[in-house]
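Quick notes on the structure that follows.
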Amino acid sequence: MILKDGIVFDPASGTRAVIDIFIKDELIEKIGPELAPRFQGEEIFDCANLWIFPGLVDMHVHLREPGYEYKETIETGTRAAAAGGFTTVACMANTLPVNDTPSVTRYIREKAEAQGVVEVLPIGSATKGLKGEQLAEMGLMREEGIVAVSDDGFPIRNAGILRLVLEYASRFELPVIDHCEDLVTSEGGSVHEGKTGTRMGLKGIPCVSESMVAARDILMSQWMEVPIHIAHVSCKATIDMIRWAKIQGIPVTCEVTPHHLALNVDDLFLSNYDASFKVNPPLRAEEDRVALLEALKEGVIDCIATDHAPHDPQVKMVEFEYAANGISGLETALPLVLEAGKQAEIPPLVLLEKMTVAPARILGIDRGTLEPGKLANLTIFDPDEAWTVDPSAFFSKGKNTPFAGRTLTGRVKATFFRGKAVFLDRGNPWGLIPVCAKEG
Ligand code: DOR
């Protein structure tokens, strides 16, 4: 199969060029100009004016299986991923049971192989039951395929256990991902602490709740010389801390979500207590949102991850303070990132780097590039198509999005995983018409 005349982005090599891609079986066979006339008998698809880039990599999703299949399954979550242009997703351990033993990891891996339409990389918990008391079975889970450890949903509870987690995880070359939140200062909070939250009559979660735990993590990483990755950064104060750490050469990396780039607490205020805007960390002040965009541009933020957190309506259609945290994010991620990036004048190639090769590098996996010989995991995207978000059309079971009814620009037309189309926009062969169907 030849994808002809697409605008090909390969952030790993800094490529942005109109070229052809030749896919053979599972692999990218060749990339270059004018490939089409040199091959005969192939299916040739005209990709003029469409973007082609490596399948997106999301290092932070919640697939909810096992245990919460009424919120999402590996099948529906990976279909949502494919529809959003992702071909690799790493799923967090806050399932039921928690992914803290090799048997749960094996279950997720086998389920993903049988029912997943894209690659699923399990993340094991750092501590048993996410409780912050005893270390999880990292080595055995590693043998079953985990790619990182995290107690996400919760922070790694104290510095003593963090020290052990870093020491133990580094033996197995497992990245440690921390959800930075001081549970004492955030207790009972459901909104960013500040004037807007007070006006809404809701208890706040201050930025210092995040930044003080990030500071602890950074100092521990410096002392132990072990990398740490900070999940879903939301505050300017945390960014300032990470910038300092990077200048010192401390091996810290971090991610930001599309919703923290796109929304602030005033959007929540205007939503009239709509719990689909409720997420942890909460949507912050405009000053924080701008700082996140600047940090993305500057390179202080390493990558973008959705924190896809699908929920059933029962836990969202309650009073705001009792509602569950989380946004179903896979199917709206890329257009939101491009829109926010445009405001901050961040080139699409840089944004795509943060969604492909950058998270792959942090996880230590060979993904997110379009070189010949690599797996043909790639996405075809129309950067100009406008569409309106309709959660009822989501592949995800989680319809909990604050973007319902919003018009976004840019739409995934097709996603290929190992050379096979796993998503085609509205069932149409990605809106493309073969210009030269197989002879005869
Ligand atoms: O909003 C969130 N939802 N933040 C988290 O850290 C966890 C996640 C979930 O599991 O629902």
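Here, each number is a calculation from the coordinates, and none is a lab measurement. Given the structure is predicted, the values throughout are model-derived calculations rather than measurements. We place every Cβ from the backbone using ideal geometry, glycine too, and count neighbours over all the protein chains shown.
Below are the figures for this structure:
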read-out: Projected label distance in nm at GLU110 and THR409, using a 7 Å step from Cα toward the beta-carbon; value: 4.9 nm
read-out: Beta bridges per DSSP with both ends in the chain, % antiparallel, nearest 5; value: 55 percent
read-out: Additional length obtainable on full extension of the chain from ARG418 to TRP244, 0.36 nm per residue less Cα span; value: 58.6 nm
read-out: 11 Å beta-carbon shell around PHE269, net charge (K/R +1, D/E -1); value: -1
read-out: Table column - 3J(HN,Hα) (Hz), region 338-355, Karplus curve with 6.51, -1.76, 1.60, x for Gly and Pro; value: 5, 5, 5, x, 4, 4, 9, 6, 9, x, x, 4, 5, 5, 5, 4, 6, 10
read-out: Highest-MSF residue in the chain out of SER186, SER276, SER170 [GNM, Cα springs under 10 Å]; value: SER170
read-out: Cα-centred dipole magnitude for region 1-117, charges only on beta-carbon of K, R (+1) and D, E (-1), debye, nearest 20; value: 240 debye
read-out: Per-residue Cβ neighbour rank within 10 angstrom, fewest leading, MET200, MET317; value: MET317, MET200
read-out: Selected from MET220, ILE247, THR379, residue furthest toward positive end of dipole (the chain; charges at beta carbon); value: MET220
read-out: Distance-filtered residues of region 197-241 - backbone nitrogen under 17 Å, label point 7 angstrom along TYR273 Cα→Cβ; value: 197-204
read-out: Extension gain (nm, one decimal) between GLU173 and GLN314, 0.36 nm per residue minus Cα-Cα; value: 46.8 nm
read-out: Spin-label pair LYS203/GLU187, simplified geometry with 7 Å Cα→Cβ offset, distance in nm; value: 0.8 nm
read-out: Charge-dipole axis of the chain as Lys and Arg at +1 and Asp and Glu at -1 on Cβ define it, positive-most pick from ALA358, PHE417, ILE74; value: ILE74
read-out: For VAL8, distant residues with modelled amide H under 5 Å away; value: ALA17, VAL18, ILE19, ILE52
read-out: SER13/VAL350 FRET efficiency (R0 22 Å; Cβ-Cβ; nearest 0.05); value: 0.95
read-out: Rounded to whole Å, sorted largest first: equivalent-ellipsoid semi-axes of region 119-270, Cα gyration tensor; value: 29, 17, 15
read-out: Fully extended contour minus Cα-Cα distance, from ALA159 to GLU225, at 0.36 nm per residue; value: 22.3 nm
read-out: Highest-MSF residue in the chain out of LEU174, LEU261, LEU219 [GNM, Cα springs under 10 Å]; value: LEU219
read-out: Reach of LYS397 by Cα under 19 Å, taken over lysines that are not fewer than 8 positions away in the same chain; value: LYS71, LYS111, LYS278, LYS316
read-out: Value at 222 nm in deg cm²/dmol, rounded to 500, when DSSP H runs of n ≥ 4 in the chain each add -39,500 (n - 2.57); value: -8500 deg cm²/dmol
